[in-house]
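S.K.: After the structure tokens below, expect a handful of questions from me.
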4 protein chains.
Amino acid sequence: MDKIKVGVIGATGYAGAELVRLLCNHPYAEIAAISSKSFEGKKLSEVYPNFLNVCDLVLTNEDDLLAKSQVVFASLPHGLSEEIAVKCLEKGVKLIDIGADFRLKDAQDYKEWYGLSYKYPQLHEQSVYIIPELMRDSYKGQPIIGNPGCYPTSIALALAPIVKNNMFEENGIIIDSKSGATGAGRNLTQTTHFCDCNEGFAPYKVASHRHTPEIEQTLSSLSGKSVKVSFTPHLLPLNRGIISTCYVNLKDSYENDKNYTYDAIYDLYKDFYKNEKFVRVLPKGSAANLKNVKYSNYCDVSLHFDERTNRFIIVSAIDNMVKGAAGQAIQNMNIMFNLEEDTGLNLVAPAF
Amino acid sequence: MDKIKVGVIGATGYAGAELVRLLCNHPYAEIAAISSKSFEGKKLSEVYPNFLNVCDLVLTNEDDLLAKSQVVFASLPHGLSEEIAVKCLEKGVKLIDIGADFRLKDAQDYKEWYGLSYKYPQLHEQSVYIIPELMRDSYKGQPIIGNPGCYPTSIALALAPIVKNNMFEENGIIIDSKSGATGAGRNLTQTTHFCDCNEGFAPYKVASHRHTPEIEQTLSSLSGKSVKVSFTPHLLPLNRGIISTCYVNLKDSYENDKNYTYDAIYDLYKDFYKNEKFVRVLPKGSAANLKNVKYSNYCDVSLHFDERTNRFIIVSAIDNMVKGAAGQAIQNMNIMFNLEEDTGLNLVAPAF
Amino acid sequence: MDKIKVGVIGATGYAGAELVRLLCNHPYAEIAAISSKSFEGKKLSEVYPNFLNVCDLVLTNEDDLLAKSQVVFASLPHGLSEEIAVKCLEKGVKLIDIGADFRLKDAQDYKEWYGLSYKYPQLHEQSVYIIPELMRDSYKGQPIIGNPGCYPTSIALALAPIVKNNMFEENGIIIDSKSGATGAGRNLTQTTHFCDCNEGFAPYKVASHRHTPEIEQTLSSLSGKSVKVSFTPHLLPLNRGIISTCYVNLKDSYENDKNYTYDAIYDLYKDFYKNEKFVRVLPKGSAANLKNVKYSNYCDVSLHFDERTNRFIIVSAIDNMVKGAAGQAIQNMNIMFNLEEDTGLNLVAPAF
Amino acid sequence: MDKIKVGVIGATGYAGAELVRLLCNHPYAEIAAISSKSFEGKKLSEVYPNFLNVCDLVLTNEDDLLAKSQVVFASLPHGLSEEIAVKCLEKGVKLIDIGADFRLKDAQDYKEWYGLSYKYPQLHEQSVYIIPELMRDSYKGQPIIGNPGCYPTSIALALAPIVKNNMFEENGIIIDSKSGATGAGRNLTQTTHFCDCNEGFAPYKVASHRHTPEIEQTLSSLSGKSVKVSFTPHLLPLNRGIISTCYVNLKDSYENDKNYTYDAIYDLYKDFYKNEKFVRVLPKGSAANLKNVKYSNYCDVSLHFDERTNRFIIVSAIDNMVKGAAGQAIQNMNIMFNLEEDTGLNLVAPAF
């Protein structure tokens, strides 16, 4: 087959650069163009020397890129992707938006959490939000895919089986997440200055992170009821990975109902994900560790039970830049182009 | 005054070595002897070269140490301190136990969580467990002080005002803690092998950590009711510090009761700790970060409110080796010897 | 073509585990068997959970492995590979030794630096030591390849052009190398205990590291004269990579000889490596950084000139586990089996 | 005695903030004022929350500060301290300059390496550059002390005994230094962005770092001859500390002259520093490690001999922010005010 011509808008951002890394080894895709506002005219390898002799493409502008591409990944701050989408639709180019602009179905949520309104509401009817393991059937040829956020991916995969089966007490879900510093991107900030971040650790945006409505949208959709969560992200002094530790009060106890034993819920998870290559339900007694998924597209999930409080604790680990961004975006591209979902994603996490 | 003659048993363990570091600058204490089972006969500075020319004492055995000391810090694995305590009482030496053997009042808890029985139950009547900010009045001249664990200290200080005032829903407390690798001690393990720990992050002993009954003992004592918590520790890839992120469902809402507004609870905390040098209630809008407390005896506490779920989130930060171990032990020694509580503890956390 | 059946002896050591990671994506190789003395009978993924669902092979013993393999990688402590080699030759299995036993041509060097004698001297006549970029022509069908050490690889590639052209003062070479902690392997040691290694940095085995004779063997062979170097390795608080900073006194000055200008020597390097995919001579003004090569098979080389002292400074960066071990071993396997040298090695270093 | 009234100009830079940390515990100094151009009007603890309740002074301007101080530490980019010095002399305030403006005696060197000319040459006759262990006798009441740079301190202390005794080959000195990221200061740069610095390592400013003339000035002064060195700094992925690995070709060999044995030179070092509290010549067989000096004013020195090349290798370790900046500045203040040199500097390096 001819290779798919791919464009990456925002290729010098972290998600963009990771896309380039992964696309370099995708057997059915070729990078047709890459663009950057800040570095137009430079080679990517001048910005990121790891790409020297690997991808020495010159960063171009969006219009040039759109002219060369069949599908475009847009990795931009929120508020900028709708205009890209308009142009894509005009030109018949498909769009996978890595940013936040095509994630929230409810325009009110977008307004409340991002402070902006959708300018082209009809665009959003042509887009679909997809975490492949949970929603691949929603893909019906839409020209736009809203690629999920990193935290929401890690949390949805952790909670889906128990939420879909409505085994949890409503409003009892607490999610304590920890992300590596790549999650904060390439922009220089005091928080991600080496001496501040190294040997430091703290929560940020407690109970106010913009991924909250996206998390609730997915959980509500899975359960069929409105789900509210408390979500607290923290910044880890390491480069990659997210651990989400999710606390769920069970609706019933194993004394009343055999479906509520640890073993029954463990089996439920194993069964739920039995055909999913990228979700690994860990053996009983193990705990998900982000070192086992880094640089790969895996999501590891471990299950724990606090029988003293009848609370289930589910821990998930992903690489925020792969399964949480570029890898999942390629998974979505594979869906869009009817390829095997794992094409180009056979990434083995290094052992160290 | 004559300096207090201090002995440190287990001086080559991490808490022991940290005690030596702090005692070197205590104006009213002198290190009379240090002991170690593994390194008897060696100088401390041969084991820890940072002590070269600072503390070159030779590590001796326990009996020799007891003969030279007025007060002894024992930093030993659980199960070993009772025998030390017996000898101390015989010789009229005071004991501050850094280990776990004098923390739990209920022998049954000790048996359940540590798998051992108290051999000398009467000893425990002569001992007292003290987190100074919450329990200094319990000191009535007892010859033995059980020094609190690191996690329990960080959690008790985070929750005390809200628990003592019974503003929380029982059994709704969830504590997600993260500790630096010094918490795992000097012993070599795969988990703390550099390449495993670095760029890794995971929970451990989920819902089964031995500090759980100690946490519940303190919270139950403060509230006057039996409190059960879910407690999940995680291992951070850094040396020092504990962040405890504590989730509390409020008993009432601010719509019904003005004591349940964020501002009211913030004021409650400020007032509760207004005379406490070592507990800093951070300004509104800040989040506790362990980088601001490392190498110091401070406990920083930040308060956050998730009004969408009527949940209060309290975050505390301590240095696990100082306020979580050696520093608090010296605070307790100061109480024991009627010194100003902060004597020898004017440690300024470095900015980086 | 049929895939090459590959065995990995010592698969639970760091080099072994990295070989498995890379072989998983080699298009013409399949892992026929893996072995381990310490973990025989366990799955690799029980020892390294990153391999779960990726390589769940059971670790077997050497004899079983030899029966299943066409080529064997042996990743063992020195002194153990000769016996493996004897068995390989008996069975017609090829051997790539990742350890130190087939690196030194001079048995006396081996004895002096490793404290052992070759038991089967004739074996060493059937073996060849290959850094592909410098010695691939030495491969004449030998059944055994001695895979180079990590430091010697980084140093030989840094110095080859200037040494081969005899532009340097003899005995003036000083090499200051810094390696990540994977270089110390999986064994637990105090030095690689997280709290000792993290935020620490020091040299080790100053002027006495066993890689010294291997470095000198290659440099002497390139120059045709006996070369002696001072070599000091240091341990970096990070997982992967080696930086070698090499100081060379030039034999002549650019005032006398135009071949001794910075530009002339830079051109010499560019030309020397112009057909070498895995050696990147960086643009003038750049400095080699191990972050740009990690998880890849590249060796980055940067050139610097101290005209005040007429000294050339060459810096090389490799991933010690890839170009310094498993990647180069696969490069050697590709040579052995007449494959393109980069087969299975199209690894793009991540940007972060 | 009355406490010395101290002002810190540039208190929000890294060296300034470290000065505040150390001055907080100096028994004979009090912080009279602190200033900052960028943060005037804010509390120091708003910029660095570690100082909350410890030093909540409001940052003022330079004139206000000068009016309140007997001695001023200026921690500023080069080119700004002469104007401060003029004002200090006018007001009879003493000055310790932490920046680069009073380090180089030769105005030509300053011009060549810093690109600026001294505006007030006569000021420099009233100033003196002091590494206390080597030059304390140069203090004759001068109103200005030029505080040494971090790298030059670590290197001068490593080389002084061998250089002062002229045991080295001229122009054979090579210095390979490695510094933690605090050396790059508080300013945000791509190089010190967490994800770039973490798990990365590289040299910078190879053979062109501005500390070179300062290093040569001290070595030349000690030896009485003009000394030229090759100096290469590297950036370590950790917060604090400098390791300098210094290579020296010995002038003679131990075969000819018994002063050139390892033991003789070791004894020379021990004797040279026998009265120096802050320089620790490590036991034979040890290597200096920055983890043993961090957060302290010590300089650890280890000696190594490469007899194969008749080269001496001296390794020194300091905390770049303490002995390399703020600690040494306080040592110089103590000299200026005729206090014991270690006053306020009894800092015990933590073991971890």
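Bear in mind that the values in this text are calculations on the coordinates, not laboratory data. Predicted model, so just to flag it, every value in this text is computed and none were measured. Note: ideal-geometry Cβ built from the backbone for every residue, glycine included; neighbour counts use all protein chains shown.
S.K.: List the residues, sorted by chain then number, that are 5 or more residues from residue D:337 or on another chain and whose placed amide H is less than 5 Å from its amide H.
M.R.: Residues meeting the criterion, in which the H sits 1.01 Å from N, do not exist here.
S.K.: Which translational diffusion coefficient, to the nearest whole µm²/s, is obtained for segment D:230-352 from the Stokes-Einstein equation, given a Kirkwood hydrodynamic radius over C-alpha pairs, 37 °C and 0.692 mPa s?
M.R.: Values: Rh = 15.8 Å.
For these conditions, the coefficient is 208 µm²/s.
S.K.: Moving on. When averaged across all projection directions, what area in nm² does the alpha-carbon convex hull of segment B:203-251 cover? Can you show the working numbers first?
M.R.: On the way: hull surface 16.9 nm².
About 4.2 nm², averaged over all directions.
S.K.: Semi-axes of the equivalent ellipsoid for the protein assembly as shown, please: Cα gyration tensor eigenvalues, times 5, square-rooted, ordered largest first, whole Å.
M.R.: Details: eigenvalues 410, 391, 221 Å².
One finds semi-axes of 45, 44, 33 Å for the protein assembly as shown.
S.K.: Just name one of D:172, D:16, D:139: the one whose Cα is farthest towards the positive end of the charge dipole of chain D (beta-carbon charges, Lys/Arg +1, Asp/Glu -1).
M.R.: Sorting the options by dipole projection puts first D:16.
S.K.: Hey, for residue B:64 with labels 7 Å out along Cα-Cβ, what do the inter-copy distances come to in nm, ordered shortest first?
M.R.: Label-point distances to the other copies, shortest first: 5.2, 5.9, 7.7 nm.
S.K.: Continuing with the same structure: Lys/Arg Cβ at +1, Asp/Glu Cβ at -1, dipole of segment B:33-169 taken about the Cα centre: which of B:129, B:55, B:153 is farthest positive-ward?
M.R.: B:55
S.K.: Comparing D:222, D:339, D:59, which has the greatest mean-square fluctuation in the GNM of chain D with Cα pairs linked when under 10 Å apart?
M.R.: Among D:222, D:339, D:59, the largest mean-square fluctuation in the Gaussian network model of chain D belongs to D:339.
S.K.: Moving on to the next point. Each residue of segment B:11-27 in turn: what ³J(HN,Hα) in whole Hz from Karplus with 6.51, -1.76, 1.60 and θ = phi - 60°, glycine and Pro shown as x?
M.R.: For segment B:11-27, the Karplus-derived couplings read 6, 9, x, 5, 5, x, 5, 5, 4, 4, 3, 6, 5, 3, 10, 7, x Hz, x marking Gly and Pro.
S.K.: If you don't mind, another one. Out of residues 5 or more away from residue C:4 or on other chains, whose amide H comes under 5 Å of its own, with H placed 1.01 Å from N in the peptide plane?
M.R.: The answer is C:29, C:30.
S.K.: May I ask you to give the average projected area over all directions of the convex hull of the Cα atoms of segment D:60-112, in nm² rounded to one decimal?
M.R.: Working: hull surface 14.8 nm².
Across all orientations, segment D:60-112 yields a mean hull projection of 3.7 nm².
S.K.: If you don't mind, there's one more thing I want to ask. Let me spell out the model: positive unit charges on the Cβ of Lys and Arg, negative unit charges on the Cβ of Asp and Glu, origin at the Cα centre of segment D:189-243. What dipole size does that give, in debye rounded to 20?
M.R.: On the way: 5 positive and 4 negative charges, 47 e Å.
Once rounded to the nearest 20, the dipole reads 220 debye.
S.K.: Which residues' amide hydrogens lie under 5 Å from the amide hydrogen of residue D:145, considering only partners 5 or more residues apart or on another chain, with H built in the peptide plane?
M.R.: D:95, D:96, D:97, D:128
S.K.: Put the label 7 Å from Cα along Cα→Cβ for residue A:275; what are its distances to the other copies, in nanometres, shortest first?
M.R.: In ascending order, 5.1, 6.8, 8.5 nm.
S.K.: At q = 0.12, 0.21 Å⁻¹, work out log10 I(q)/I(0) for segment D:1-115 with the Debye formula, treating every Cα as an identical point scatterer and leaving solvent out; two decimals please.
M.R.: -0.42, -1.12
S.K.: Can you list, shortest first and in nm, the gaps between the label point of residue B:25 and those of its counterparts in the other copies, using a point 7 Å from Cα in the C-beta direction?
M.R.: So the distances to the same position in the other copies read 0.0, 4.9, 4.9 nm.
S.K.: Top mean-square fluctuation among C:11, C:184, C:160, Gaussian network model of chain C, C-alpha springs under 10 Å?
M.R.: Ranking C:11, C:184, C:160 by mean-square fluctuation puts C:184 first.
S.K.: Filter the cross-link list D:105/D:277; B:37/B:94; B:323/D:178; C:258/C:323 down to pairs whose alpha-carbon distance in this structure exceeds 24 Å. Mind dumping the intermediate values first?
M.R.: On the way: D:105/D:277 28 Å; B:37/B:94 21 Å; B:323/D:178 33 Å; C:258/C:323 34 Å.
D:105/D:277; B:323/D:178; C:258/C:323, as the Cα separations exceed 24 Å there.
S.K.: Output needed: percent of Cα pairs per 10 Å distance bin for segment A:224-268, bins running from 0 to the one holding the longest distance.
M.R.: With 10 Å bins starting at 0, P(r) equals 19, 32, 31, 16, 2.
S.K.: Right, something else. Using only the alpha carbons of segment C:298-347, determine the length spanned along each of the three principal axes and report them from longest to shortest in whole angstroms.
M.R.: 48, 19, 15
S.K.: I would also like to ask the following. Just need the relative contact order of segment D:177-244 here, percent rounded to a whole number, with Cα pairs under 8 Å and 6+ apart.
M.R.: Values: 88 pairs, mean separation 39.6, N = 68.
That works out to 58 percent.
S.K.: Oh, and also: In square nanometres, what is the average projected area of the Cα convex hull of segment B:79-218? Let's see the in-between values first.
M.R.: On the way: hull surface 40.7 nm².
Quarter of the Cα hull surface area: 10.2 nm².
S.K.: With a sphere of radius 13 Å drawn around the Cβ of residue B:253, what net charge do the other residues whose Cβ falls strictly inside it have (Lys, Arg +1; Asp, Glu -1)?
M.R.: Working: positive: B:251, B:258, B:308, B:311; negative: B:169, B:252, B:255, B:257, B:306, B:307.
Taking every Cβ under 13 Å from that of residue B:253, the sum is -2.
S.K.: Using alpha carbons only, how many angstrom separate the centre of segment C:109-134 from the centre of segment B:324-351?
M.R.: 60 Å
S.K.: From the residues D:343, D:32, D:282, which one has its Cα farthest along the dipole of chain D in the positive direction, the dipole being from +1 and -1 charges on Cβ of Lys/Arg and Asp/Glu about the Cα centre?
M.R.: Going by the Cα projections, it comes out as D:32.
S.K.: Separate question: Per 10 Å bin, what percent of the C-alpha pairs of segment B:272-322 does each bin hold, from zero upward?
M.R.: 27, 48, 21, 4
S.K.: Which residue is it, in chain B, that holds its beta carbon closest to the axis of the B-onto-A rotation, and how many whole angstrom away?
M.R.: Nearest residue, distance rounded to whole Å: B:176, 2.
S.K.: Explain nothing, just the number: dipole magnitude of the protein assembly as shown about its Cα centre with +1 on each Lys and Arg Cβ and -1 on each Asp and Glu Cβ, in debye rounded to the nearest 20. Spell out each step's value before the answer.
M.R.: Working: 144 positive and 164 negative charges, 1 e Å.
The calculated dipole for the protein assembly as shown is roughly 0 debye.
S.K.: With N denoting the number of residues in chain D, provide Rg(C-alpha) divided by 2.2 N^0.38 Å, to two decimal places.
M.R.: Details: Rg = 20.0 Å, N = 352, 2.2 N^0.38 = 20.4 Å.
This ratio for chain D stands at 0.98.
S.K.: Can you work out D for segment A:162-204 in µm² s⁻¹ from Stokes-Einstein, where Rh is the Kirkwood radius over C-alpha pairs, the temperature is 25 °C and the viscosity is 0.890 mPa s? Kindly include the intermediate steps, with their values, before the conclusion.
M.R.: Numbers: Rh = 13.3 Å.
Using the Kirkwood radius from Cα pairs, D works out to 184 µm²/s.
S.K.: I've got another one for you. Under the classification rounded if a/c is under 1.5, otherwise prolate if a/b is larger than b/c and oblate if not, where does segment B:129-206 fall, given a ≥ b ≥ c as square roots of the Cα gyration tensor eigenvalues?
M.R.: Working: a/c = 3.73, a/b = 1.51, b/c = 2.47.
Judged from the Cα gyration tensor, segment B:129-206 comes out oblate (a/c at least 1.5, b/c at or above a/b).
S.K.: Scattering from the C-alpha atoms of segment D:31-86 alone, worked out with Debye: what is log10 I(q)/I(0) at q = 0.16, 0.21, 0.29, 0.30 1/Å?
M.R.: Treating every Cα as an identical point scatterer, log10 I(q)/I(0) equals -0.50, -0.82, -1.22, -1.25.
S.K.: Helix C:327-336 sits at what angle to the longest principal axis of chain C, using alpha carbons and giving 0 to 90 degrees rounded to 10?
M.R.: The angle comes out at about 80 degrees.
S.K.: Here is a follow-up. Which three extents, in angstrom, do the Cα atoms of segment B:81-148 have along their principal axes, listed largest first?
M.R.: 30, 29, 18
S.K.: Can you classify segment B:140-259 as rounded, prolate or oblate using the Cα gyration tensor, where a ≥ b ≥ c are the square roots of its eigenvalues, rounded means a/c under 1.5, and otherwise it's prolate if a/b beats b/c and oblate if not? Write out the running numbers ahead of the final one.
M.R.: Numbers: a/c = 2.70, a/b = 1.59, b/c = 1.70.
Oblate, since a/c reaches 1.5 and b/c is not below a/b.
S.K.: With charges set only on the Cβ (+1 for Lys and Arg, -1 for Asp and Glu), what does the dipole of chain A come to about its Cα centre, in debye to the nearest 20?
M.R.: The calculation lands at about 320 debye.
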